[in-house]
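Engineer: Before I ask anything, let me first share the structure, which is written out below as structure tokens.
The values are calculated or read from the model by the stated rules, or taken from the named source; none is laboratory data. All values reported here derive from a predicted model rather than from experimental measurement. Cβ placement follows ideal geometry from the backbone for every residue including glycine, while neighbour counts extend to all protein chains displayed.
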Amino acid sequence: MKRLTISLITALCLGGPAFAEVDLDAFRSCVDTRIENNAPAAECVHAAQAACLSYDPEEQTASATLCFVEVKDGWSTGIQDQMQKISAEAEEQITAIASIELKYDLLANLLQCDRMHDLARLTETPGETIALQKARCEATATGLALTKLILQSRRLP
């Protein structure tokens, strides 16, 4: 863990490609376009995280990990924004249902990340690589939860 912390600090100091920031407006536009074209909206999550995949996982593990952590934070902001929108536009019961659905969708997704993390720890995979895998999984899980929340809230009056 100490090595990972040092690697993250080094990544911050040395720079490299810019860390990914989620453009939530572009993401929502992507989701809308995918829905209109009857295509999987989940592809928008992968497209938004593409910058994190540009890091060399062998040489820039800490930078890639930090990138995914920042993307996850962006998805979390998107979830908060979407829940505020639902709260402002929908009845209290609908907001409560959306909150419960979101909670369990996110928990189910993150549980799979924990499972993969625990299994990876049983291997000889380096700790930095395991941390990268978990950060990527958690970012994707959070992005997919936001995608589903957006899709479900499209039906609101």
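Engineer: Identify all residues within the stretch 139-157 that are in a helix (DSSP H, G or I) and over 21 Å from residue 71 (Cα atoms); write none if there are none.
Structural biologist: Passing the criteria: 152, 153.
Engineer: Another question, then. Residues in the stretch 86-138 that are within 22 Å of residue 151 (Cα to Cα), in contact with a helix residue (DSSP H, G or I) (Cβ under 9 Å, 6 or more places away or on another chain) and part of a loop (DSSP other than H, G, I, E, B): how many?
Structural biologist: 1
Engineer: Is there any pair with a first residue in the stretch 125-144 that is within 19 Å of residue 105 (Cβ to Cβ) and a second that is at pLDDT 95 or above and assigned to a loop (DSSP other than H, G, I, E, B) whose Cβ atoms are under 8 Å apart and which are 6 or more apart or on different chains, and what are they?
Structural biologist: The qualifying pairs are 136/49; 139/49; 140/49; 143/49.
Engineer: Let me ask something else. Does the stretch 142-157 hold any residues that are of a type in the set (D, E, K, R) and within 22 Å of residue 113 (Cα to Cα), and which are they?
Structural biologist: The answer is 148, and nothing else.
Engineer: Which residues, counting only those in the stretch 130-155, are under 13 Å from residue 44 (Cα atoms) and either surrounded by fewer than 20 Cβ atoms within 10 Å (Cβ to Cβ) or over 12 Å from the mean Cα position of the chain (by Cα) (or both)?
Structural biologist: Within the stretch 130-155, 144, 148, 150, 151 meet the criteria.
Let's see how each residue does on (1) modelled with pLDDT of 95 or more; (2) part of a loop (DSSP other than H, G, I, E, B); (3) surrounded by fewer than 13 Cβ atoms within 10 Å (Cβ to Cβ):
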| residue | (1), (2), (3) |
| --- | --- |
| 5 | no, no, yes |
| 17 | no, yes, no |
| 22 | no, yes, no |
| 31 | yes, no, no |
| 59 | no, yes, yes |
| 69 | yes, no, no |
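Engineer: Turning to a different aspect of this structure: Can you confirm whether the stretch 79-101 contains a residue that is closer than 22 Å to residue 33 by Cα, surrounded by fewer than 16 Cβ atoms within 10 Å (Cβ to Cβ), of a type in the set (Asp, Glu) and within 17 Å of the chain's Cα centre (by Cα)?
Structural biologist: Yes.
Engineer: Of the residues that make up the stretch 39-54, is at least one farther than 22 Å from residue 107 by Cα, in a loop (DSSP other than H, G, I, E, B) and either basic (Lys, Arg) or in contact (Cβ under 8 Å) with a residue 60 or more places away in the chain (or both)?
Structural biologist: Looking through the stretch 39-54, none of the residues is farther than 22 Å from residue 107 by Cα, in a loop (DSSP other than H, G, I, E, B) and either basic (Lys, Arg) or in contact (Cβ under 8 Å) with a residue 60 or more places away in the chain (or both).
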